[in-house]
Amino acid sequence: MSDRSALVVGGGLAGLSTALELAGRGWRADVFDAGPIGRGASWAAAGMLAAAKDCAPRVGRHPHLYELAQESRRLWPDWAARVARDSGQNLDLRLDGGLTPAFDAAGVADLDAFVAAARNAGASVERLDAAAARKKEPALAPDVAGAVFAPEEGHVDSRALVDALAACCRAAGVSLHADADVRAVTPGSPAGIEVVVGGDLHRLDADVVVLAAGWRTPAFGLGPKVIGPVKGQIFAIIDVPAGRPAHLIHAPLAYVVPRSNGRLLVGATEEAGRSDAGVDPVAIALLRAAAERALPGLALGQVESAWTGVRPGTPDGAPVLDWVADGVLMAAGHHRNGVLLAPASAGIVADLVDGRRGALAQHFSASRFMAEEAR
Ligand SMILES: Cc1cc2nc3c(=O)[nH]c(=O)nc-3n(C[C@H](O)[C@H](O)[C@H](O)COP(=O)(O)OP(=O)(O)OC[C@H]3O[C@@H](n4cnc5c(N)ncnc54)[C@H](O)[C@@H]3O)c2cc1C
């Protein structure tokens, strides 16, 4: 057993993927979650691996987010194969591309802007005219005006991924502690945490503490405070007899993710500042209408269930992967892309723990926000 130890606060995708990476590099790791393991934003996610659509540069978005996404997308196939093999779980990973259709002149102009930005960032995207769009995806409404196809995109069952990662962690010797509410984090050498388990307060020390508590990460008072809750509402449609899309569809105002088991996930609202778990029937109806506008066949399906999750939002949509105090690292703020970014983010954090800061890591520093907060 290694004498290098890490305490990871938060058992979502950020915490689990980091703990697994550290264990693979010979670290002893413990993961603490205030609730069940992995039932935060990671459980709510649609599982899109939407590097081009969600990460290509645009106003307000971190200028290097696409580089991180691209690196993560590069890692995804082998990473997922290892996680699936070691856990024995089917992740329903599909890397068959994502399609962004448009239905009016303004939408077509947006497509052209998207293509320019994506290509400029190095993404290979295909601009399709209306006929080619319908050929690629016959389920689209007949009045589709054009589309962009991003072959690099895909999707995964994020719940299967969470459970598979947890299984891999256990198999690699990581201890997972559910219902373990971390109340305080103390920087230093060693760094420590105070955690309540079963009503008892425990103080634990380790070489490093990794803060991966999703939107609640700023509660520990270390590092940038800008991470904030962004509630998302999402639902599943089943029993669509015909007109199911084959690909991930980024329709205007809603996306649709076709799972292999027949479920179609439709999401999602983005409600900054909200962290409640309420499902609003009006929000679901609006998402459904937007999805049906693009894919009329969905109208015949049934809403199976609706749920919410709270993303760890940041002002530039990108995570903080950095030291934030002596012995304390932050792996939080993955916003809309925590599933996609999991492998690359875990690698960067583990590199930092190992004393290495690569070129990509420089862009996701805590200091990019700290300077702003100090003003
Ligand atoms: C509706 C929706 C759809 C999404 N779709 C996608 C998508 O398609 N693709 C994509 O890439 N991303 C998607 N995301 C974003 C993605 O889910 C998040 O970026 C990612 O899950 C964040 O992972 P995390 O581990 O940081 O946070 P979480 O999964 O929220 O995990 C944080 C964990 O920390 C625990 N915690 C908090 N406080 C404490 C404490 N004091 N002590 C101990 N534990 C604590 C929580 O209980 C929680 O389990 C979506 C998000 C939502 C809400």
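The values are calculated or read from the model by the stated rules, or taken from the named source; none is laboratory data. Quantities reported herein were computed from a predicted structural model and do not represent experimental measurements. Here the Cβ positions follow ideal geometry from the backbone for every residue, glycine too, while neighbour counts run over all protein chains shown.
Numbers below:
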| item | result |
| --- | --- |
| Selection status of residue 203, charged (D, E, K, R), at pLDDT 95 or above, within 10 Å of the ligand (Cβ to nearest atom) and assigned by TED's automatic domain parsing to the domain that holds residue 25 | no |
| Residue match in segment 276-299 (condition: touching a residue at least 12 places away in the same chain (Cβ under 8 Å), near the ligand (Cβ under 10 Å from one of its atoms) and crowded, with 21+ Cβ neighbours inside 10 Å) | no |
| Among residues of segment 212-255, those that are at positive phi and either not assigned by TED's automatic domain parsing to the domain that holds residue 32 or not in a helix (DSSP H, G or I) (or both), counted | 5 |
| Segment 295-320, residues that are of a type in the set (A, V, I, L, M) and touching a His at 6+ places or on another chain (Cβ under 9 Å) | 318 |
| Verdict on residue 323 being more than 15 Å from the ligand (Cβ to nearest atom) and part of a strand (DSSP E or B) | yes |
| Unique residue being more than 22 Å from residue 356 (Cβ to Cβ), in the same structural domain as residue 179 (by TED's automatic domain parsing) and within 16 Å of the ligand (Cβ to nearest atom) when the list is 14, 19, 29, 46 | 46 |
| Criterion (without any contact (Cβ under 8 Å) to a residue 12 or more places away in the chain and buried (at least 16 other Cβ atoms within 10 Å of the Cβ)) met by exactly one of 258, 245, 218, 224 | 218 |
| Top-ranked residue in segment 158-174 [being small (Gly, Ala, Ser) and either within 15 Å of the ligand (Cβ to nearest atom) or in contact with a Lys or Arg (Cβ under 9 Å, 6 or more places away or on another chain) (or both); ranked as farthest from residue 93 (Cα to Cα)] | 173 |
| For residue 149: the one exception among (1) farther than 26 Å from residue 276 by Cα; (2) without any contact (Cβ under 8 Å) to a residue 24 or more places away in the chain | (2) |
| Which numbered condition residue 208 fails, given (1) more than 24 Å from residue 44 (Cβ to Cβ); (2) at pLDDT 95 or above; (3) surrounded by fewer than 15 Cβ atoms within 10 Å (Cβ to Cβ) | (3) |
| Residue match in segment 180-193 (condition: touching a helix residue (DSSP H, G or I) at 6+ places or on another chain (Cβ under 8 Å) and farther than 30 Å from residue 219 by Cα) | no |
| Output for segment 189-200, where each listed residue is over 16 Å from residue 176 (Cβ atoms) and away from the ligand (no atom under 13 Å from the Cβ) | 189, 190, 191, 192, 199, 200 |
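Table: residues versus (1) surrounded by fewer than 21 Cβ atoms within 10 Å (Cβ to Cβ); (2) away from the ligand (no atom under 16 Å from the Cβ); (3) not acidic (Asp, Glu).
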| residue | (1), (2), (3) |
| --- | --- |
| 109 | yes, yes, yes |
| 119 | yes, yes, yes |
| 129 | yes, yes, no |
| 132 | yes, yes, yes |
| 138 | yes, yes, yes |
| 147 | no, yes, yes |
